[in-house]
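Student: My questions will all concern the structure given below.
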Amino acid sequence: MKRRNFLTSGALNTLALGFGLSGLAKPNLNLSSSSKSRTKKSKASGPVAICTWEFTQANATAGKLLDEGYNALDAVIQGVAVEEENIKNTTVGKGGSPDREGNVTLDACVMDHTGNCGAVMCVEDITHVAALARKVMEDTPHVILAGEGAKEFALNSGFEAENLLTEASEKAWKEWLKESKYQPIINIENHDTIGMLALDAKGNISGACTTSGLAYKMKGRVGDSPIIGSGLFIDNAIGGAVATGMGEEVIKTVGSFLIVELMRNGMSPQEACEEAVRRIVTTNPNHVNFQVAYIAINKEGETGCYCIHPGFKMMKYEKGANNPIVAGSYLQKN
């Protein structure tokens, strides 16, 4: 059920040379043949790329692609791929912290400007799960594939299997086993996601979210990141939002969908993010023990970010600039 055509691997290699990113040359990180914008820019203030946490290179990668005229979906998938490949990042992709049994499992989702979306959950041995989520969206009649089924689909689609448990992650897991105490640490273990949103030259918005989830989670645990409406939501007429932090709390309020609906009803991205955090804080007295943060963008290119506790940062790429923005803390203000 092919719904898009893809560039050849030769074109991908040419792009990889231009940006110096090995991930761009991999066939599973497809750039669509419709990537290049052939129309004039819309009235929207684009291109703009934003992402959770201070993932400077990832956000800059997406921004450069947008500046080159590639569409928002291509940009966010290539952007998050930088962290999926970064073995020093223990919360995303290869090198991610394992579950309690020592298995690294990854979750991801993508959503484009047409409302199409795809997701994968509990995937082992596949690094670029955001690109895999796109394949689910474009090449299957489904929205979500999980576990062994998702891995089998990946292998049949040309993705290569590799061991995601690095030596450093394995060492940390074995150290954790000595006490086996599960106590998430705010802004460390809980910044378990790179979520990215982009507004391209045509004024279209897309997003991607990818994670290895909470360190030493129970086997089979899935957070908000691959769940459309919770970890990510896009309505191209309004805007988009993405979440990071304690996924269970984001799921309870369907946070990303909530933010887009608040923007639909007149709130700015900043106001909507603040209200989404407020919904969590006012209903859960245990919020002092976990972090949740949101970022959002609207059709005009305006952005917002907010979090429960200090320490969260959002990266923003706009018109050649790539700067971290520190989110305000609800607890500090009240």
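Student: Is it the case that the range 105-112 has a residue that's crowded, with 24+ Cβ neighbours inside 10 Å, among the β-branched types (V, I, T) and touching a helix residue (DSSP H, G or I) at 6+ places or on another chain (Cβ under 6 Å)?
Tutor: Yes, the range 105-112 contains a residue that is crowded, with 24+ Cβ neighbours inside 10 Å, among the β-branched types (V, I, T) and touching a helix residue (DSSP H, G or I) at 6+ places or on another chain (Cβ under 6 Å).
Student: Hey, another quick one. Only one of these is assigned to a helix (DSSP H, G or I) and in contact with a strand residue (DSSP E or B) (Cβ under 6 Å, 6 or more places away or on another chain): E261, E248, E274. Name it. I'd like the intermediate steps shown before the answer.
Tutor: Details: E261 fails: in contact with a strand residue (DSSP E or B) (Cβ under 6 Å, 6 or more places away or on another chain); E248 fails: in contact with a strand residue (DSSP E or B) (Cβ under 6 Å, 6 or more places away or on another chain).
Answer to the selection: E274.
A quick yes/no check of all residues on (1) closer than 23 Å to N284 by Cα; (2) surrounded by fewer than 20 Cβ atoms within 10 Å (Cβ to Cβ):
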position: T211; (1), (2): no, no
position: M218; (1), (2): yes, yes
position: D224; (1), (2): yes, no
position: G231; (1), (2): yes, no
position: A237; (1), (2): no, yes
position: G240; (1), (2): no, no
position: I251; (1), (2): yes, yes
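Student: Right, here's the next one. If you go through the range 277-293 one residue at a time, do you hit one that is crowded, with 18+ Cβ neighbours inside 10 Å, touching a Pro at 6+ places or on another chain (Cβ under 7 Å) and on the phi < 0 side of the Ramachandran plot?
Tutor: The answer is yes, given that some residue of the range 277-293 is crowded, with 18+ Cβ neighbours inside 10 Å, touching a Pro at 6+ places or on another chain (Cβ under 7 Å) and on the phi < 0 side of the Ramachandran plot.
Student: Which one of these does T127 not meet: (1) at pLDDT 95 or above; (2) outside any helix (DSSP H, G or I); (3) over 21 Å from A146 (Cα atoms); (4) hydroxyl-bearing (S, T, Y)?
Tutor: Failing condition for T127: (3).
Student: Sticking with this structure for a sec: Suppose we filter V92, V80 for residues that are more than 27 Å from G46 (Cα to Cα), modelled with pLDDT of 95 or more and crowded, with 24+ Cβ neighbours inside 10 Å; which single one remains?
Tutor: Details: V80 fails: more than 27 Å from G46 (Cα to Cα).
Result of the check over V92, V80: V92.
Student: With free of Cβ contacts under 8 Å to residues at least 40 places away in the same chain and either within 18 Å of E85 (Cα to Cα) or in contact with a Phe, Trp or Tyr (Cβ under 8 Å, 6 or more places away or on another chain) (or both) as the only criterion, which of D107, D99, D125 stands out? Before the answer, list the steps.
Tutor: Numbers: D107 fails: free of Cβ contacts under 8 Å to residues at least 40 places away in the same chain; D99 fails: free of Cβ contacts under 8 Å to residues at least 40 places away in the same chain.
Unique residue meeting the criteria: D125.
Student: Does any residue of the range 49-59 turn out to be buried (at least 24 other Cβ atoms within 10 Å of the Cβ), of a type in the set (F, W, Y) and at pLDDT 95 or above?
Tutor: no
Student: Every residue in the range 140-168 that is crowded, with 17+ Cβ neighbours inside 10 Å, in contact with a Lys or Arg (Cβ under 9 Å, 6 or more places away or on another chain) and either of a type in the set (D, E, K, R) or part of a helix (DSSP H, G or I) (or both), please.
Tutor: The answer is F153, A154.
Student: Return the residues of the range 183-203 that are modelled with pLDDT of 95 or more and either surrounded by 24 or more Cβ atoms within 10 Å (Cβ to Cβ) or in contact with a strand residue (DSSP E or B) (Cβ under 9 Å, 6 or more places away or on another chain) (or both); say none if nothing qualifies.
Tutor: I194, G195, M196, L197, A198, L199, D200
Student: May I pose another question? Among the residues of the range 235-245, what is the count of those that are in a strand (DSSP E or B) and over 16 Å from C305 (Cα atoms)? Break it down into steps so the answer makes sense when it comes.
Tutor: Taking the range 235-245 as the starting set, the residues that turn out to be in a strand (DSSP E or B) are 235, 239-245.
If we keep only those that are over 16 Å from C305 (Cα atoms) too, we end up with 235.
Residues meeting the conditions: 1.
The values are calculated or read from the model by the stated rules, or taken from the named source; none is laboratory data. Just so you know, these numbers come straight off a predicted model, no measurement behind them. As a convention, Cβ positions derive from the backbone with ideal geometry for all residues, glycine included, and neighbour counts pool all protein chains shown.
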